[in-house]
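Undergrad: My questions all concern the structure below.
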Amino acid sequence: MKRRHLLASAAALGLSGPSWAQSYPSKAVRLVVPYAPGGGLDVFNRPMSIKLAELMGQSVVIENRAGASGVIGADVVAKSAPDGHTLLSAFSSQILQPHVLKNVPFDNQRDFTPILEAARAPIAIVVNPALPVQSMKELIAYAKANPGKVGYVTAGSNTSQHLTGLMLEKVTGAQLIHVSYKGGGPALTDLLGGQVQMGILVLGPIMQHVQSGKLRALAVIESSRAKAAPQIPTLEEAGFGGATMPDTWIGYFGPRGLSAPITRQINGWIQQAAQANDVRPRLEAAGYEVGGGTPEQFADKIRQTNDNYRRIVAAADIKPE
């Protein structure tokens, strides 16, 4: 009788036989980061992966799968077995892809299991100090006076960073030249080297360079100031609210079909890792704002983000390419 009750309880949890009895994780966990090393996702996930490995009792291996503005790495996870051993860490711009790209090989709301919105990752508009501007208004005035001569780097085409540049052109009439990379790391290298004058990049990897004076931050693209850098105005405060983007978040996903018990276990581990005394201060010092919540709340955030991007893309009259 007890065995029947146990099996019934397992069935109610969506588990059965061997999968219910098997401990998770049973092997190394692959954490796919769909951009090149050195960018905002990498900076966030390096300390997180170390702490997660301690909590899970298995190695957590970061796998950078750059290309197609994050689509290639995300597709790897979408096609993986839903056993919790392959996970995706992605920016909110993953939700933008179907609105600006043709033939995206997955459906964000069908082919992934939302696990957690782990953090807000503000994006800043920054310039190399060699560019003679001190504010967004001066930047736009300079770009108008020098059409086609101000280039800006992003972590990839058809990202929220790129969309910000397009919206700035639309609302100001300035002509900016987009220089796309396969991640924020390579983009930052060329910005620091002076090969380009401007960047729209995640605040985390550039914080130290803003603080040292190697880069000058002009605005954050979201609706509120970054807690780690409250001196940087928002685009709206700088006079260009029409180019404001939805909050940039970092989320964790599993493939479609990941069981609810494993999803909640991973959710708990990620939150515990982010709140750890040897992790949270590092993340916050780098500009990230640690979040939390349930998988269901994250699913709601994904739907909200999707609606916001749809509205902005329609307003900008951007057609999928």
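The values are calculated or read from the model by the stated rules, or taken from the named source; none is laboratory data. These figures come from a predicted structure and were not determined experimentally. Every residue, glycine as well, gets a Cβ built from its backbone with ideal geometry; the counts of neighbours run over all protein chains shown.
Undergrad: Here's a check for you: in the stretch 262-275, which residue that is surrounded by fewer than 19 Cβ atoms within 10 Å (Cβ to Cβ) and touching a residue at least 24 places away in the same chain (Cβ under 8 Å) is nearest to GLY204 (Cα to Cα)?
TA: Step one: of the stretch 262-275, the residues surrounded by fewer than 19 Cβ atoms within 10 Å (Cβ to Cβ) are 264-265, 268, 271-272, 275.
The next check asks that each one be touching a residue at least 24 places away in the same chain (Cβ under 8 Å); those that pass are 264-265, 271-272.
Numbers: ARG264: 27, GLN265: 27, GLN271: 19, GLN272: 21 Å.
In this case the residue turns out to be GLN271.
Undergrad: With respect to PHE106, is the statement that it is surrounded by fewer than 23 Cβ atoms within 10 Å (Cβ to Cβ) and either farther than 29 Å from ASP278 by Cβ or of a type in the set (A, V, I, L, M, F, W, C) (or both) true? Lay out the reasoning, then the answer.
TA: Numbers: surrounded by fewer than 23 Cβ atoms within 10 Å (Cβ to Cβ): yes; either farther than 29 Å from ASP278 by Cβ or of a type in the set (A, V, I, L, M, F, W, C) (or both): yes.
Yes: the conditions hold for PHE106.
Undergrad: Right, next: Restricting attention to strands (runs of 3 or more DSSP E) lying wholly within the stretch 159-259, give those where 1 or more residues are outside the structural domain of ALA145 (by TED's automatic domain parsing).
TA: Details: elements: 176-180, 198-202, 216-220, 249-255.
Result: 249-255.
Undergrad: Check off (1) part of a helix (DSSP H, G or I); (2) under 20 Å from the mean Cα position of the chain (by Cα); (3) surrounded by fewer than 18 Cβ atoms within 10 Å (Cβ to Cβ) for PHE44 and give me the number that stays unchecked.
TA: If we test PHE44 against (1) part of a helix (DSSP H, G or I); (2) under 20 Å from the mean Cα position of the chain (by Cα); (3) surrounded by fewer than 18 Cβ atoms within 10 Å (Cβ to Cβ), just (3) comes out false.
Undergrad: In the stretch 19-74, what count of residues is obtained for those that are on the phi > 0 side of the Ramachandran plot and in contact with a strand residue (DSSP E or B) (Cβ under 7 Å, 6 or more places away or on another chain)?
TA: 1
Undergrad: Might you check whether a residue that is assigned to a helix (DSSP H, G or I), in the same structural domain as ARG46 (by TED's automatic domain parsing), touching a Leu at 6+ places or on another chain (Cβ under 8 Å) and over 24 Å from GLN97 (Cα atoms) occurs anywhere in the stretch 290-310?
TA: No, that holds for no residue.
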